[in-house]
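A quick write-up on the structure given underneath.
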Amino acid sequence: MEEKAKLTVGDKTIELPIITGSEEEKGIDISKLRSSSGCITYDPGYGNTGACKSSITFLDGEKGILHYRGYPIEQIAENCNFVETAYLLIYGELPNRDQLENFSNSFTEHATIHEDMKNFFYGYPPYGHPMGILSAMVCSLSAYYPELAKAEPTKEEIDRIAVQLLSKIRTICAFSYKKSIGEPFVYPRPELKYIPNFLNMMFSSPSRAYEIDEDEVNAMRVLFILHADHEQNCSTSTVRIVGSSRANLFASVAAGICALWGPLHGGANQEVIEMLAMIYKDGCNVKKYVDLAKESHGEFRLMGFGHRVYKNFDPRAKIIKQKTDALLRKKGIHDPLLDVAVKLEEVALKDPYFIERKLYPNVDFYSGIIYRAIGIPLNMFPVMFAIGRLPGWIAHWKEMIEDPATKIGRPRQIYTGCTRRDFVPIEKRG
Ligand code: ACO
(Lines give C-alpha, C1' and ligand atoms only; values in the text may rest on other atoms or scores of the structure.)
Protein backbone atom coordinates (compact mmCIF):
# COMPACT_ATOMS: atom_id res chain seq x y z
CA MET A 1 0.00 0.00 0.00
CA GLU A 2 1.23 3.49 -0.87
CA GLU A 3 2.57 5.28 2.19
CA LYS A 4 0.95 8.66 2.87
CA ALA A 5 1.64 11.61 5.16
CA LYS A 6 -1.27 13.47 6.71
CA LEU A 7 -1.27 17.25 7.02
CA THR A 8 -3.94 19.24 8.80
CA VAL A 9 -4.44 22.83 7.66
CA GLY A 10 -7.26 24.55 9.53
CA ASP A 11 -10.10 22.02 9.67
CA LYS A 12 -8.99 20.14 6.59
CA THR A 13 -6.72 17.07 6.61
CA ILE A 14 -5.01 16.20 3.36
CA GLU A 15 -3.02 13.13 2.43
CA LEU A 16 0.33 13.51 0.72
CA PRO A 17 2.13 10.63 -1.01
CA ILE A 18 5.49 9.54 0.40
CA ILE A 19 8.19 8.77 -2.17
CA THR A 20 10.99 6.33 -1.23
CA GLY A 21 14.39 6.48 -2.92
CA SER A 22 16.61 3.50 -3.72
CA GLU A 23 18.58 4.01 -0.47
CA GLU A 24 15.29 4.14 1.52
CA GLU A 25 15.38 7.90 2.01
CA LYS A 26 11.89 9.37 2.12
CA GLY A 27 10.28 12.51 0.74
CA ILE A 28 6.77 13.87 1.06
CA ASP A 29 5.39 14.73 -2.38
CA ILE A 30 3.92 18.21 -1.99
CA SER A 31 3.45 18.90 -5.70
CA LYS A 32 -0.35 19.12 -5.18
CA LEU A 33 -0.15 20.89 -1.80
CA ARG A 34 -1.14 24.34 -3.02
CA SER A 35 -4.12 23.17 -5.03
CA SER A 36 -5.41 21.01 -2.16
CA SER A 37 -4.64 23.27 0.84
CA GLY A 38 -4.01 26.78 -0.51
CA CYS A 39 -0.61 26.73 1.19
CA ILE A 40 2.94 26.58 -0.09
CA THR A 41 5.96 25.38 1.89
CA TYR A 42 8.52 27.76 3.37
CA ASP A 43 12.08 26.43 3.34
CA PRO A 44 14.80 29.10 3.00
CA GLY A 45 17.97 27.60 1.56
CA TYR A 46 15.95 24.52 0.48
CA GLY A 47 17.40 22.43 3.31
CA ASN A 48 14.31 20.20 3.33
CA THR A 49 13.28 20.48 -0.30
CA GLY A 50 13.81 17.78 -2.89
CA ALA A 51 13.78 19.54 -6.27
CA CYS A 52 14.06 16.44 -8.45
CA LYS A 53 14.58 12.70 -8.55
CA SER A 54 18.16 11.84 -9.51
CA SER A 55 20.11 8.64 -10.00
CA ILE A 56 23.60 10.18 -10.18
CA THR A 57 24.96 10.64 -6.66
CA PHE A 58 23.86 9.43 -3.25
CA LEU A 59 25.04 10.97 -0.05
CA ASP A 60 24.17 10.35 3.56
CA GLY A 61 25.41 13.30 5.58
CA GLU A 62 24.76 11.66 8.95
CA LYS A 63 26.88 8.62 8.10
CA GLY A 64 29.46 10.42 5.89
CA ILE A 65 28.63 8.30 2.82
CA LEU A 66 29.11 9.41 -0.79
CA HIS A 67 28.43 7.22 -3.84
CA TYR A 68 28.73 8.01 -7.55
CA ARG A 69 26.19 5.89 -9.44
CA GLY A 70 26.28 3.44 -6.52
CA TYR A 71 30.08 3.17 -6.26
CA PRO A 72 31.65 4.39 -2.98
CA ILE A 73 33.76 7.50 -3.52
CA GLU A 74 36.74 5.83 -1.82
CA GLN A 75 36.79 3.08 -4.50
CA ILE A 76 36.41 5.54 -7.37
CA ALA A 77 39.16 7.80 -6.01
CA GLU A 78 41.48 4.81 -5.58
CA ASN A 79 40.88 3.11 -8.93
CA CYS A 80 39.55 5.47 -11.61
CA ASN A 81 40.98 8.19 -13.73
CA PHE A 82 39.10 11.48 -14.09
CA VAL A 83 37.86 10.86 -17.63
CA GLU A 84 36.51 7.45 -16.57
CA THR A 85 34.74 9.11 -13.62
CA ALA A 86 33.23 11.71 -15.94
CA TYR A 87 31.92 8.91 -18.16
CA LEU A 88 30.43 7.11 -15.15
CA LEU A 89 28.64 10.24 -13.92
CA ILE A 90 27.33 11.28 -17.33
CA TYR A 91 26.34 7.87 -18.73
CA GLY A 92 25.58 5.94 -15.54
CA GLU A 93 28.03 3.02 -16.00
CA LEU A 94 31.79 2.57 -15.86
CA PRO A 95 33.08 2.47 -19.45
CA ASN A 96 34.57 -0.69 -20.95
CA ARG A 97 38.00 -0.36 -22.61
CA ASP A 98 36.64 0.65 -26.03
CA GLN A 99 34.19 3.14 -24.59
CA LEU A 100 36.91 4.74 -22.49
CA GLU A 101 39.33 4.91 -25.39
CA ASN A 102 36.74 6.52 -27.68
CA PHE A 103 35.71 8.97 -24.98
CA SER A 104 39.36 9.93 -24.26
CA ASN A 105 40.19 10.24 -27.97
CA SER A 106 37.34 12.63 -28.51
CA PHE A 107 38.86 14.89 -25.83
CA THR A 108 42.01 15.17 -27.94
CA GLU A 109 39.95 16.13 -30.97
CA HIS A 110 38.17 18.96 -29.12
CA ALA A 111 40.94 20.30 -26.90
CA THR A 112 41.59 23.54 -28.78
CA ILE A 113 39.38 26.61 -28.71
CA HIS A 114 38.51 28.71 -31.75
CA GLU A 115 41.52 30.94 -32.49
CA ASP A 116 39.33 34.05 -32.39
CA MET A 117 38.44 33.30 -28.77
CA LYS A 118 42.02 34.06 -27.80
CA ASN A 119 41.22 37.74 -28.42
CA PHE A 120 38.85 37.67 -25.44
CA PHE A 121 41.72 36.98 -23.08
CA TYR A 122 43.50 40.15 -24.22
CA GLY A 123 40.46 42.18 -23.19
CA TYR A 124 40.71 41.21 -19.51
CA PRO A 125 42.97 43.02 -17.06
CA PRO A 126 45.76 40.81 -15.64
CA TYR A 127 44.25 41.01 -12.14
CA GLY A 128 40.77 39.87 -13.30
CA HIS A 129 39.59 36.88 -11.27
CA PRO A 130 39.86 33.75 -13.45
CA MET A 131 36.38 32.53 -12.36
CA GLY A 132 34.79 35.57 -14.04
CA ILE A 133 36.85 34.93 -17.16
CA LEU A 134 36.02 31.23 -17.13
CA SER A 135 32.30 31.80 -16.85
CA ALA A 136 32.30 34.36 -19.68
CA MET A 137 34.40 32.11 -21.92
CA VAL A 138 32.25 29.05 -21.32
CA CYS A 139 29.11 31.04 -22.13
CA SER A 140 30.85 32.41 -25.23
CA LEU A 141 31.35 28.87 -26.53
CA SER A 142 27.64 28.99 -27.39
CA ALA A 143 28.43 31.70 -29.94
CA TYR A 144 31.16 29.58 -31.53
CA TYR A 145 29.16 26.35 -31.57
CA PRO A 146 25.61 27.60 -32.28
CA GLU A 147 24.70 24.23 -33.77
CA LEU A 148 25.19 22.72 -30.29
CA ALA A 149 23.70 25.60 -28.28
CA LYS A 150 20.18 24.28 -28.67
CA ALA A 151 17.16 24.21 -26.41
CA GLU A 152 16.51 20.55 -27.19
CA PRO A 153 19.62 18.82 -28.49
CA THR A 154 19.58 15.20 -29.64
CA LYS A 155 21.43 12.51 -27.67
CA GLU A 156 24.35 12.68 -30.12
CA GLU A 157 24.51 16.45 -29.79
CA ILE A 158 24.54 16.21 -25.99
CA ASP A 159 27.47 13.79 -26.27
CA ARG A 160 29.32 16.28 -28.46
CA ILE A 161 28.68 19.27 -26.20
CA ALA A 162 29.77 17.27 -23.15
CA VAL A 163 33.08 16.36 -24.74
CA GLN A 164 33.62 19.87 -26.12
CA LEU A 165 33.11 21.36 -22.68
CA LEU A 166 35.12 18.80 -20.72
CA SER A 167 38.05 19.11 -23.07
CA LYS A 168 38.00 22.85 -23.72
CA ILE A 169 37.61 23.90 -20.08
CA ARG A 170 41.24 22.88 -19.41
CA THR A 171 42.47 24.99 -22.30
CA ILE A 172 40.41 28.02 -21.28
CA CYS A 173 41.62 27.79 -17.67
CA ALA A 174 45.27 27.41 -18.65
CA PHE A 175 45.04 30.26 -21.19
CA SER A 176 43.52 32.59 -18.61
CA TYR A 177 46.42 31.82 -16.28
CA LYS A 178 49.01 32.38 -19.00
CA LYS A 179 47.38 35.69 -19.88
CA SER A 180 47.44 36.78 -16.22
CA ILE A 181 51.20 36.21 -15.97
CA GLY A 182 51.95 37.65 -19.41
CA GLU A 183 53.27 34.43 -20.93
CA PRO A 184 52.35 33.04 -24.37
CA PHE A 185 49.56 30.47 -24.56
CA VAL A 186 50.64 26.83 -24.62
CA TYR A 187 48.48 24.66 -26.86
CA PRO A 188 47.12 21.25 -25.85
CA ARG A 189 49.23 18.30 -26.96
CA PRO A 190 47.45 15.28 -28.45
CA GLU A 191 49.79 12.71 -26.89
CA LEU A 192 49.14 13.90 -23.33
CA LYS A 193 46.39 12.63 -21.04
CA TYR A 194 43.80 14.90 -19.45
CA ILE A 195 45.64 16.12 -16.35
CA PRO A 196 49.24 16.18 -17.70
CA ASN A 197 47.92 18.10 -20.71
CA PHE A 198 46.38 20.69 -18.43
CA LEU A 199 49.50 21.00 -16.27
CA ASN A 200 51.65 21.30 -19.38
CA MET A 201 49.48 24.15 -20.68
CA MET A 202 49.77 25.83 -17.27
CA PHE A 203 53.46 25.40 -16.58
CA SER A 204 55.35 25.03 -19.87
CA SER A 205 56.81 28.17 -21.38
CA PRO A 206 59.27 29.03 -24.16
CA SER A 207 62.03 29.06 -21.54
CA ARG A 208 61.12 25.90 -19.61
CA ALA A 209 59.55 22.57 -20.43
CA TYR A 210 57.10 21.13 -17.94
CA GLU A 211 58.20 17.76 -16.67
CA ILE A 212 55.32 15.51 -15.74
CA ASP A 213 55.38 14.72 -12.05
CA GLU A 214 53.28 11.59 -11.49
CA ASP A 215 52.71 12.42 -7.81
CA GLU A 216 51.24 15.80 -8.74
CA VAL A 217 49.14 14.25 -11.49
CA ASN A 218 47.84 11.63 -9.08
CA ALA A 219 47.00 14.19 -6.38
CA MET A 220 45.14 16.30 -8.92
CA ARG A 221 43.33 13.22 -10.26
CA VAL A 222 42.04 12.47 -6.77
CA LEU A 223 40.99 16.08 -6.18
CA PHE A 224 39.14 16.30 -9.52
CA ILE A 225 37.35 13.00 -8.81
CA LEU A 226 36.34 14.04 -5.30
CA HIS A 227 34.92 17.28 -6.68
CA ALA A 228 33.20 15.68 -9.67
CA ASP A 229 29.68 15.60 -8.25
CA HIS A 230 27.83 16.28 -5.03
CA GLU A 231 24.15 15.99 -5.89
CA GLN A 232 21.99 19.12 -5.48
CA ASN A 233 24.62 21.58 -4.22
CA CYS A 234 24.34 25.31 -4.95
CA SER A 235 26.13 25.32 -8.32
CA THR A 236 24.54 22.10 -9.59
CA SER A 237 21.10 23.34 -8.60
CA THR A 238 21.94 26.56 -10.47
CA VAL A 239 22.87 24.57 -13.58
CA ARG A 240 19.59 22.64 -13.29
CA ILE A 241 17.42 25.69 -12.70
CA VAL A 242 19.01 27.68 -15.54
CA GLY A 243 18.77 24.64 -17.82
CA SER A 244 15.14 24.11 -16.84
CA SER A 245 14.28 27.19 -18.93
CA ARG A 246 15.87 25.24 -21.82
CA ALA A 247 18.97 27.47 -21.77
CA ASN A 248 21.76 25.58 -23.53
CA LEU A 249 24.42 23.63 -21.66
CA PHE A 250 27.17 26.23 -22.20
CA ALA A 251 24.97 28.95 -20.67
CA SER A 252 23.82 26.69 -17.83
CA VAL A 253 27.38 25.69 -16.92
CA ALA A 254 28.51 29.33 -17.08
CA ALA A 255 25.86 30.11 -14.45
CA GLY A 256 27.05 27.14 -12.37
CA ILE A 257 30.61 28.52 -12.45
CA CYS A 258 29.33 31.84 -11.05
CA ALA A 259 27.47 30.03 -8.26
CA LEU A 260 30.55 27.98 -7.44
CA TRP A 261 32.69 31.10 -7.19
CA GLY A 262 31.02 32.24 -3.94
CA PRO A 263 33.11 31.93 -0.75
CA LEU A 264 30.45 29.78 0.93
CA HIS A 265 30.74 27.24 -1.90
CA GLY A 266 33.72 26.51 -4.21
CA GLY A 267 35.38 29.86 -3.52
CA ALA A 268 36.05 28.57 0.00
CA ASN A 269 39.25 26.79 -1.09
CA GLN A 270 40.86 30.16 -1.85
CA GLU A 271 39.43 31.68 1.35
CA VAL A 272 40.83 28.84 3.47
CA ILE A 273 44.39 29.55 2.37
CA GLU A 274 43.89 33.28 2.90
CA MET A 275 42.59 32.55 6.41
CA LEU A 276 45.46 30.15 7.23
CA ALA A 277 47.97 32.73 5.97
CA MET A 278 46.35 35.38 8.18
CA ILE A 279 46.53 33.10 11.24
CA TYR A 280 50.14 32.22 10.43
CA LYS A 281 51.13 35.89 10.14
CA ASP A 282 49.35 36.57 13.40
CA GLY A 283 51.65 34.17 15.25
CA CYS A 284 49.65 30.96 14.69
CA ASN A 285 47.26 31.82 17.46
CA VAL A 286 44.68 29.28 16.40
CA LYS A 287 42.55 29.58 19.52
CA LYS A 288 42.05 33.30 18.91
CA TYR A 289 40.40 32.54 15.56
CA VAL A 290 38.33 29.67 16.88
CA ASP A 291 37.05 32.04 19.58
CA LEU A 292 36.40 34.73 16.99
CA ALA A 293 34.34 32.28 14.91
CA LYS A 294 32.31 31.44 18.02
CA GLU A 295 31.82 34.98 19.22
CA SER A 296 31.24 36.91 16.01
CA HIS A 297 27.74 35.51 15.44
CA GLY A 298 28.53 34.24 11.97
CA GLU A 299 30.52 37.29 10.83
CA PHE A 300 33.82 35.43 10.94
CA ARG A 301 33.62 31.77 9.98
CA LEU A 302 36.28 29.14 9.87
CA MET A 303 36.46 28.69 6.12
CA GLY A 304 36.57 25.06 5.03
CA PHE A 305 34.45 24.08 8.04
CA GLY A 306 30.80 23.10 8.08
CA HIS A 307 28.49 21.67 5.47
CA ARG A 308 24.78 21.78 4.81
CA VAL A 309 24.57 18.02 4.47
CA TYR A 310 27.55 16.41 6.23
CA LYS A 311 26.91 16.26 9.98
CA ASN A 312 29.45 13.62 10.86
CA PHE A 313 32.46 14.05 8.61
CA ASP A 314 33.02 14.80 4.95
CA PRO A 315 34.45 11.61 3.41
CA ARG A 316 36.16 13.71 0.75
CA ALA A 317 38.04 15.75 3.39
CA LYS A 318 39.40 12.53 4.95
CA ILE A 319 40.83 11.35 1.62
CA ILE A 320 42.22 14.80 0.79
CA LYS A 321 43.98 15.04 4.15
CA GLN A 322 45.75 11.71 3.49
CA LYS A 323 46.69 12.81 -0.04
CA THR A 324 48.01 16.13 1.26
CA ASP A 325 50.31 14.42 3.74
CA ALA A 326 51.48 11.91 1.12
CA LEU A 327 52.20 14.52 -1.57
CA LEU A 328 54.06 16.90 0.73
CA ARG A 329 56.13 14.04 2.15
CA LYS A 330 56.98 12.75 -1.33
CA LYS A 331 57.99 16.20 -2.57
CA GLY A 332 59.84 17.03 0.64
CA ILE A 333 57.75 20.16 1.15
CA HIS A 334 57.12 21.64 4.54
CA ASP A 335 54.16 24.00 4.23
CA PRO A 336 53.70 26.02 7.43
CA LEU A 337 50.04 26.57 6.46
CA LEU A 338 49.47 22.82 6.77
CA ASP A 339 50.70 23.01 10.36
CA VAL A 340 48.24 25.83 11.02
CA ALA A 341 45.41 23.84 9.37
CA VAL A 342 46.14 20.73 11.45
CA LYS A 343 46.22 22.77 14.65
CA LEU A 344 43.04 24.59 13.74
CA GLU A 345 41.22 21.32 13.02
CA GLU A 346 42.43 19.85 16.31
CA VAL A 347 41.26 22.81 18.39
CA ALA A 348 37.94 23.28 16.58
CA LEU A 349 36.99 19.60 16.75
CA LYS A 350 37.38 19.63 20.53
CA ASP A 351 35.37 22.82 20.97
CA PRO A 352 31.75 22.49 22.16
CA TYR A 353 30.59 25.18 19.68
CA PHE A 354 31.79 23.09 16.72
CA ILE A 355 30.73 19.80 18.32
CA GLU A 356 27.16 21.01 19.00
CA ARG A 357 26.78 22.39 15.47
CA LYS A 358 28.43 19.34 13.91
CA LEU A 359 30.98 21.44 12.05
CA TYR A 360 33.78 19.38 10.48
CA PRO A 361 36.44 20.16 7.86
CA ASN A 362 34.88 20.01 4.40
CA VAL A 363 36.32 19.29 0.93
CA ASP A 364 37.86 22.77 0.76
CA PHE A 365 39.84 22.63 4.00
CA TYR A 366 42.96 20.80 2.79
CA SER A 367 42.63 20.91 -1.01
CA GLY A 368 44.39 24.28 -1.27
CA ILE A 369 47.53 22.90 0.38
CA ILE A 370 47.78 20.38 -2.47
CA TYR A 371 47.22 23.06 -5.13
CA ARG A 372 49.91 25.21 -3.52
CA ALA A 373 52.35 22.28 -3.56
CA ILE A 374 51.67 21.83 -7.28
CA GLY A 375 52.25 25.54 -7.93
CA ILE A 376 48.67 26.50 -8.81
CA PRO A 377 48.19 30.20 -7.97
CA LEU A 378 45.70 31.06 -5.25
CA ASN A 379 43.02 32.72 -7.38
CA MET A 380 42.97 29.65 -9.64
CA PHE A 381 41.85 27.35 -6.79
CA PRO A 382 38.10 27.81 -7.45
CA VAL A 383 38.87 27.25 -11.15
CA MET A 384 40.35 23.87 -10.24
CA PHE A 385 37.12 23.10 -8.44
CA ALA A 386 35.16 24.07 -11.56
CA ILE A 387 37.17 21.71 -13.78
CA GLY A 388 36.53 18.92 -11.29
CA ARG A 389 32.80 19.68 -10.91
CA LEU A 390 32.10 19.90 -14.66
CA PRO A 391 31.19 16.20 -15.16
CA GLY A 392 28.58 16.52 -12.41
CA TRP A 393 27.05 19.65 -13.94
CA ILE A 394 26.85 17.95 -17.33
CA ALA A 395 25.37 14.76 -15.85
CA HIS A 396 22.67 16.72 -14.00
CA TRP A 397 21.82 18.91 -16.99
CA LYS A 398 21.53 15.79 -19.17
CA GLU A 399 19.41 13.96 -16.60
CA MET A 400 17.18 17.00 -16.22
CA ILE A 401 16.47 17.58 -19.91
CA GLU A 402 15.93 13.86 -20.52
CA ASP A 403 13.41 13.61 -17.67
CA PRO A 404 9.82 14.15 -18.89
CA ALA A 405 8.85 15.22 -15.34
CA THR A 406 11.12 18.30 -15.53
CA LYS A 407 9.33 21.62 -15.25
CA ILE A 408 10.82 25.10 -15.37
CA GLY A 409 12.29 25.91 -11.94
CA ARG A 410 10.11 28.54 -10.34
CA PRO A 411 9.91 28.67 -6.54
CA ARG A 412 7.12 30.57 -4.77
CA GLN A 413 7.48 33.10 -1.94
CA ILE A 414 5.70 34.42 1.10
CA TYR A 415 5.16 38.08 0.32
CA THR A 416 5.98 40.37 3.26
CA GLY A 417 5.84 43.79 1.57
CA CYS A 418 3.19 46.52 1.72
CA THR A 419 -0.42 45.65 1.05
CA ARG A 420 -2.30 47.57 -1.64
CA ARG A 421 -1.98 51.36 -1.44
CA ASP A 422 -2.63 54.30 -3.77
CA PHE A 423 0.00 56.19 -5.73
CA VAL A 424 1.20 59.45 -4.10
CA PRO A 425 2.25 62.33 -6.45
CA ILE A 426 5.83 63.56 -5.84
CA GLU A 427 4.76 66.96 -4.44
CA LYS A 428 2.74 65.25 -1.74
CA ARG A 429 5.49 62.85 -0.58
CA GLY A 430 7.22 63.73 2.70
N1 ACO B 1 32.54 28.63 11.23
C2 ACO B 1 31.86 29.01 12.35
N3 ACO B 1 30.55 28.80 12.53
C4 ACO B 1 29.90 28.17 11.56
C5 ACO B 1 30.52 27.73 10.37
C6 ACO B 1 31.91 27.99 10.23
N7 ACO B 1 32.57 27.61 9.14
N8 ACO B 1 29.62 27.13 9.57
C9 ACO B 1 28.45 27.19 10.22
N10 ACO B 1 28.61 27.82 11.42
C11 ACO B 1 27.58 28.03 12.45
C12 ACO B 1 26.62 29.12 12.06
O13 ACO B 1 27.03 30.39 12.51
C14 ACO B 1 25.35 28.64 12.72
O15 ACO B 1 25.45 28.94 14.09
P16 ACO B 1 24.11 29.31 14.94
O17 ACO B 1 23.28 28.06 14.95
O18 ACO B 1 24.62 29.72 16.28
O19 ACO B 1 23.43 30.44 14.20
C20 ACO B 1 25.41 27.12 12.58
O21 ACO B 1 26.82 26.82 12.51
C22 ACO B 1 24.71 26.58 11.34
O23 ACO B 1 25.24 27.26 10.21
P24 ACO B 1 24.42 27.59 8.92
O25 ACO B 1 25.03 28.78 8.24
O26 ACO B 1 22.95 27.67 9.25
O27 ACO B 1 24.65 26.27 8.07
P28 ACO B 1 24.37 26.09 6.53
O29 ACO B 1 24.08 24.67 6.31
O30 ACO B 1 23.38 27.08 6.04
O31 ACO B 1 25.80 26.50 5.85
C32 ACO B 1 27.97 26.39 5.02
C33 ACO B 1 26.71 25.61 5.39
C34 ACO B 1 27.63 27.53 4.06
C35 ACO B 1 28.93 25.45 4.30
C36 ACO B 1 28.63 26.95 6.31
O37 ACO B 1 28.99 25.89 7.16
C38 ACO B 1 29.83 27.85 6.03
O39 ACO B 1 29.64 29.05 5.80
N40 ACO B 1 31.08 27.27 6.04
C41 ACO B 1 32.24 28.06 5.73
C42 ACO B 1 32.40 28.20 4.22
C43 ACO B 1 32.80 26.90 3.55
O44 ACO B 1 33.72 26.23 3.97
N45 ACO B 1 32.11 26.59 2.44
C46 ACO B 1 32.39 25.40 1.65
C47 ACO B 1 31.35 24.35 1.86
S48 ACO B 1 31.71 22.88 0.93
C49 ACO B 1 31.29 23.30 -0.64
O50 ACO B 1 30.40 24.05 -0.90
C51 ACO B 1 32.07 22.74 -1.70
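The values are calculated or read from the model by the stated rules, or taken from the named source; none is laboratory data. What you see is a predicted model; the values in this text were computed from it and never measured. Because the Cβ atoms are built from the backbone with ideal geometry, glycine has one as well, and the counts that use them run over all protein chains shown. Remember, those area values only see protein heavy atoms, side chains included, never the ligands or the DNA or RNA. Shrake-Rupley method; radii C 1.70, N 1.55, O 1.52, S 1.80 Å.
Selection over region 52-64 of residues that are open to solvent by 50 Å² or more (accessible area, probe 1.4 Å) and either among the charged types (D, E, K, R) or at pLDDT below 95 (or both) gives a count of 3.
Okay, residues lined up against (1) of a type in the set (S, T, N, Q); (2) within 15 Å of the ligand (Cβ to nearest atom):
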position: Leu349; (1), (2): no, yes
position: Glu356; (1), (2): no, yes
position: Ser367; (1), (2): yes, yes
position: Ala373; (1), (2): no, no
position: Met380; (1), (2): no, no
position: Phe385; (1), (2): no, yes
position: Trp397; (1), (2): no, no
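The number of residues in region 188-216 that are open to solvent by 20 Å² or more (accessible area, probe 1.4 Å), of a type in the set (A, V, I, L, M, F, W, C) and in a helix (DSSP H, G or I) comes to 1.
Condition check for Lys26 on (1) closer than 30 Å to Ala219 by Cα; (2) open to solvent by 90 Å² or more (accessible area, probe 1.4 Å); (3) in contact with a strand residue (DSSP E or B) (Cβ under 7 Å, 6 or more places away or on another chain): one failure, at (1).
So in region 398-413, with the set limited to residues that are aliphatic (A, V, I, L, M) and assigned to a loop (DSSP other than H, G, I, E, B), which one is farthest from the chain's Cα centre (by Cα)? Give the steps one after another, and end with the answer.
Going residue by residue through region 398-413, those that are aliphatic (A, V, I, L, M) are 400-401, 405, 408.
Add one more test, that the residue is assigned to a loop (DSSP other than H, G, I, E, B), and what stays is 405, 408.
Working: Ala405: 25, Ile408: 22 Å.
Per the stated criteria, the residue is Ala405.
Looking only at residues in region 1-18 that are modelled with pLDDT of 95 or more and open to solvent by 70 Å² or more (accessible area, probe 1.4 Å), the one that is nearest to Tyr68 (Cα to Cα) is Lys4.
Scanning region 317-350 for residues that are open to solvent by 20 Å² or more (accessible area, probe 1.4 Å) and not in a helix (DSSP H, G or I) yields a count of 3.
Within region 241-287, the set of residues being part of a helix (DSSP H, G or I), within 12 Å of the ligand (Cβ to nearest atom), open to solvent by 40 Å² or more (accessible area, probe 1.4 Å) and not charged (D, E, K, R) comprises Trp261 only. When restricted to residues that are open to solvent by 20 Å² or more (accessible area, probe 1.4 Å) and on the phi < 0 side of the Ramachandran plot, region 352-372 contains 8.
In region 170-183, the residue that is least open to solvent (accessible area, probe 1.4 Å) out of those that are at pLDDT below 95 and out of contact with any Phe, Trp or Tyr (no Cβ under 6 Å at 6 or more places or on another chain) is Ser176.
Restricting attention to region 292-316, and to residues there that are within 11 Å of the ligand (Cβ to nearest atom) and part of a helix (DSSP H, G or I), which single residue is surrounded by the most Cβ atoms within 10 Å (Cβ to Cβ)? Talk me through it step by step, then tell me what you get.
Narrowing region 292-316 to residues within 11 Å of the ligand (Cβ to nearest atom): 292-311, 314, 316.
Within this subset, residues satisfying the condition of being part of a helix (DSSP H, G or I) are 292-295, 316.
Values: Leu292: 13, Ala293: 24, Lys294: 16, Glu295: 10, Arg316: 28.
Only one residue fits best here, namely Arg316.
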